[in-house]
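Chemist: To start, I am sharing the structure in question, which I have written as structure tokens.
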Amino acid sequence: MEHNKENVHTCNYIFGKKTELYFALLCGVFLITGFLIDKLANLPSWISLLSFIISYAFGGYFIMVEAFKKIPKREFDIDFLMIAAAVGAAYIDSWAEGALLLFLFSLGHALEHYAMNKAKKSIEALGNLSPKMALVKKKGRLEDIPIEYLKVTDVIVVKPNTKIAADGVVISGSSSVNQAPITGESIPIDKTFIISTDHLPDFNDIDKKHVVFAGTINGDSSIEILVLKLSEDSTVSRLVKMVSEVEAQKSPTQRLTKKFEKWYVPIVILVVFLLCFAFLIIEESFNASLYRAITVLVAASPCALAISTPSAVLSGIARAAQKGVLIKGGKALEDLGEITTMAFDKTGTLTEGKPKLTNLISLDVFNENELAKIVFEIESLSNHPIAKAVTHDLKTKYNLEPENKASKIDAIQGKGITANYDGEKVSIGNVKLIQDSGIIVDSKIFSKMEQLLKDGHTVMLVAHKDKIIGLVSVMDLPRKTAISTLKRLKEIGIKYMIMLTGDHQNVGDAIAKQIGLTEALGNLLPEDKVTVVKALIKRDKKIAMVGDGVNDAPAMALSTVSVAMGAVGSDVALETADVALMSDKIENLPFVIGLSRESKRIIKQNIWISLSVVVLLVPVTIFGLTNIGLAVAFHEGSTIVVVLNALRLLRYKMD
């Protein structure tokens, strides 16, 4: 049923892109005209015949082009069957029935292409996201150049409420950027300029608050962007390329129906050929046998079956793209709908991916505010990620500003830091650091630490001179939406949810308890995660692995369906994952799984509809219990029903 694009656009100079649809309608117009002339008007018979012939020409044009292209390759598909049926009808002088066949079949083709194009448009619109020109800053002057000529390290100026032309980093100005065209996020994201562009890390590792993407829309402020990716390497370009490859990745059902058609069509041709000679066995004329054979040919053609799966798959993929989710092919779409077990990476997937201050406990010598000042002053001198997190959170919570009371910081690998504060020695670190300083850690403090460690916190002791004055704990906190997301996943039938993490088992257990996971496995190296995924596949047959597409690449590659979080801008995630959530939102998971299940349900409905019509019509037509007109109506009607059913996926919403 699929047409080569060149064929579809052969006559575009007449009606443009809708030529095929208009040809089908003209076929119908001349069919009705010929019928009315034949039945109601007292005119010569050749006039109605001419009208039917013109109807044949319009209805059969695109079908013939496609059929005759495949005949030299010995590909006798559904188009060939329809042409044979129409020619046979003309031979036995059943022009009206033949024209009706071509009208409904060509209309079905046109509607099929309309449905497929409608689905494709919502994806291919990505290609139009990026502006064609960019305003480049060169030697203090602004110059408009095509985006193809942009080079890495060029500086572009993006005016308020205009599209961003390239992937890069903001180096001047701040603005809110609408990333919905790529990520599906409904709320604009605040972007600020990066302080220094010297020794920039890899594009994927730059803080997302500084990074912008081609095709997103700038807010109310002007910003300057340092280009970090060429036009063809931008996130949008990669998405368009991948989407264009999606159709080549056939789903299991598509592959099955293709195999079915391969042997089914020759069998139909053989049966129809034999039925042409039924007059030798039963008492009827050759024309009656030929009419019966043509009717069977129409009834047995699996048009609806051919379009049932690809139309649903493409509609499902298109709907996912509207929500900022890239599903790479029908296999991933169908497999995801069968998943009941999901494995999750912890850091950055179920959690925020960065430590947060969770407790500041004063032990009487200093009150909480005084302890906060001491820890803030000392930790602000360190570049360690935990120290930066503690400093940031203390500043926010206690409204602190540096007073420069700390000095002579000494970082001790694997233990913590020491420094002077107001002339006195202060140590912040683990028990080993404190004990090495000759300070005794009593059982009361140990008890407080153990409780926090049991709950998954990383705990540091704070010692002033020769006395412990407080405890500080940090933790990579669960995402705010993790609990509701996992609850929703359970509701829709995900029975087993397991977290795989390299962190301590206590940390994994604490997170699992907070957010409602089935189980957590800690202390895992990458190869250990692969072993766990193998065991899960052996037990549950199919599993999905959710991660960032980088750290857990081996385990994700082994899983039935790999889902990458926050894939916007990440080349590795886009290339390795079967499903890419463009935004960093775990709450999109239930939608994707729900969409996959609905797609699979509609595919099954379509197959049942198409096969049921064939199974019903073939025996009825073989025994001559219906005419070609009714066979055509039922046959092509099922094709239209299947297409419209698939289009429902474009409006899918989670209950």
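Where a number appears in this text, it was derived from the coordinates with a stated rule and is not lab data. Please read all numbers here as calculations on a predicted model, not as lab measurements. Note: ideal-geometry Cβ built from the backbone for every residue, glycine included; neighbour counts use all protein chains shown.
Chemist: Starting from the Cα of LYS604, move 7 Å in the Cα-to-Cβ direction to define the label point; list residues of segment 341-356 whose amide nitrogen is under 18 Å from there.
Modeler: Hits in segment 341-356 for LYS604 at 18 Å: 341.
Chemist: Compute the FRET efficiency between LEU49 and SER612 as 1/(1 + (r/R0)^6), taking r as their Cβ-Cβ distance and R0 = 41 Å, and round to the nearest 0.05.
Modeler: 0.65
Chemist: Could you work out the relative contact order of segment 353-477? I mean the mean sequence separation of Cα pairs under 8 Å and 6+ apart, divided by the number of residues, in percent.
Modeler: Over segment 353-477, the number comes to 32 percent.
Chemist: Further question: Ranked highest first by the average count of other Cβ atoms within 10 Å around their residues, in what order do 212-222, 531-541, 94-104 fall?
Modeler: Per-residue mean Cβ counts within 10 Å order the peptides as 94-104, 212-222, 531-541.
Chemist: Scan the chain and note any complete DSSP helix (H) whose C-alpha atoms cover at least 30 Å along its axis and whose Kyte-Doolittle average is -1.0 or more.
Modeler: 19-40, 45-70, 95-124, 252-275, 589-622
Chemist: Continuing with the same structure: Just grab the label-to-label distance for VAL29 and ASP436, each label 7 Å out from Cα along the Cβ direction, in nm (one decimal).
Modeler: Output for this residue pair reads 9.0 nm.
Chemist: If you take the charge dipole of the chain about its Cα centre, with +1 on Lys and Arg Cβ and -1 on Asp and Glu Cβ, which of SER562, PHE52, PRO355 is farthest toward its positive end?
Modeler: Comparing the listed Cα positions along the dipole, PHE52 ranks first.
Chemist: Given contacts defined as C-alpha pairs under 8 Å and at least six residues apart, what's the relative contact order of the chain, whole-number percent?
Modeler: Relative contact order for the chain comes out at 15 percent.
Chemist: Can you tell me the length gained on complete extension of the stretch SER443 to SER221, counting 0.36 nm per residue apart and subtracting the Cα distance?
Modeler: 74.2 nm
Chemist: Taking Cα centroids, how far is segment 591-655 from segment 404-422 in Å?
Modeler: Each part reduced to its Cα centre gives a spacing of 73 Å.
Chemist: Let me ask something else. Pairs of Cα atoms under 8 Å, at least six residues apart: use those to get the relative contact order of segment 131-233, whole percent.
Modeler: The normalised contact order for segment 131-233 reaches 39 percent.
Chemist: Using a 10 Å cut-off around each Cβ, can you sort ARG141, ARG292, ARG488 from fewest to most neighbouring Cβ atoms?
Modeler: So the residues, fewest neighbours to most, are ARG141, ARG488, ARG292.
Chemist: Now, a different point. Quote the FRET efficiency, to the nearest 0.05, computed for PHE260 versus LYS209 with a Förster distance R0 of 45 Å and r equal to the Cβ-Cβ distance.
Modeler: 0.30
Chemist: For SER48, what charge total do you get from the other residues with a beta carbon under 10 Å from its beta carbon, if Lys and Arg give +1 and Asp and Glu give -1?
Modeler: 0
Chemist: Also, quick follow-up: Obtain the radius of gyration and the Kirkwood radius of segment 131-233 from its C-alpha atoms and give Rg over Rh.
Modeler: Rounded to two decimals, Rg/Rh equals 0.93.
Chemist: While we're here: Sorting GLU20, GLU527 on the 10 Å Cβ count, fewest up front, what's the list?
Modeler: Ascending Cβ contact count within 10 Å gives the list GLU527, GLU20.
Chemist: Could I ask something else about it? Quick one: dipole size for segment 131-233, taken about the Cα centre, charges +1 on Lys/Arg Cβ and -1 on Asp/Glu Cβ, in debye to the nearest 20.
Modeler: That gives a dipole near 380 debye.
Chemist: Extension gain ARG648-ALA557, at 0.36 nm per residue separation less the Cα-Cα distance, in nm?
Modeler: So the extension gain works out to 29.6 nm.
Chemist: Taking the highest mean first, how do the peptides 442-448, 351-357, 133-139 order by number of other beta carbon atoms within 10 angstrom per residue?
Modeler: Peptide ranking by packing, descending: 351-357, 133-139, 442-448.
Chemist: Oh, and also: Can you pull the three principal axis extents for the Cα set of the chain, in Å, largest first?
Modeler: Result, largest extent first: 116, 64, 39 Å.
Chemist: Which distance in nm do the two modelled labels at LYS137 and GLN322 give, with both placed 7 Å along the Cα-to-Cβ direction?
Modeler: 3.9 nm
Chemist: Give me the dipole magnitude in Debye, nearest 20, for the chain about the Cα centre, with unit charges on the beta carbon: positive for Lys and Arg, negative for Asp and Glu.
Modeler: It works out to roughly 600 debye.
Chemist: If you don't mind, another one. Using only Cα atoms, figure out Rg for segment 307-420 and give it as a multiple of 2.2 N^0.38 Å.
Modeler: 1.85
Chemist: Separation between the ILE492 and LEU625 pseudo-spin-labels, each 7 Å from Cα along Cα→Cβ, expressed in nm?
Modeler: 4.3 nm
Chemist: Could you tell me the convex hull volume per residue, in Å³, taken over the Cα atoms of segment 353-477?
Modeler: 99 Å³
Chemist: Something else about it: Packing-wise, with mean Cβ within 10 Å as the measure, how do 616-629, 329-342, 369-382 rank, highest first?
Modeler: Highest mean packing first, the order is 329-342, 369-382, 616-629.
Chemist: When GLU636, GLU598, GLU368 are ordered from fewest to most other Cβ atoms inside 10 Å of their Cβ, what list results?
Modeler: GLU368, GLU598, GLU636
Chemist: Treating only the Cβ atoms of Lys and Arg (+1) and Asp and Glu (-1) as charged, compute the dipole magnitude of segment 353-477 about its Cα centre; round to the nearest 20 debye.
Modeler: In debye, rounded to 20, segment 353-477 gives about 240.
Chemist: Shifting gears a bit: Between ARG539 and ASP93, take the C-beta separation as r, use R0 = 56 Å, and let me know the FRET efficiency to the nearest 0.05.
Modeler: For ARG539 and ASP93, the calculated efficiency is 0.25.
Chemist: Considering the options ASN506, PRO131, GLN322, tell which one lies farthest towards the positive end of the dipole of the chain, charges being +1 on Lys and Arg and -1 on Asp and Glu at the Cβ, about the Cα centre.
Modeler: Toward the positive end, the furthest listed residue is GLN322.
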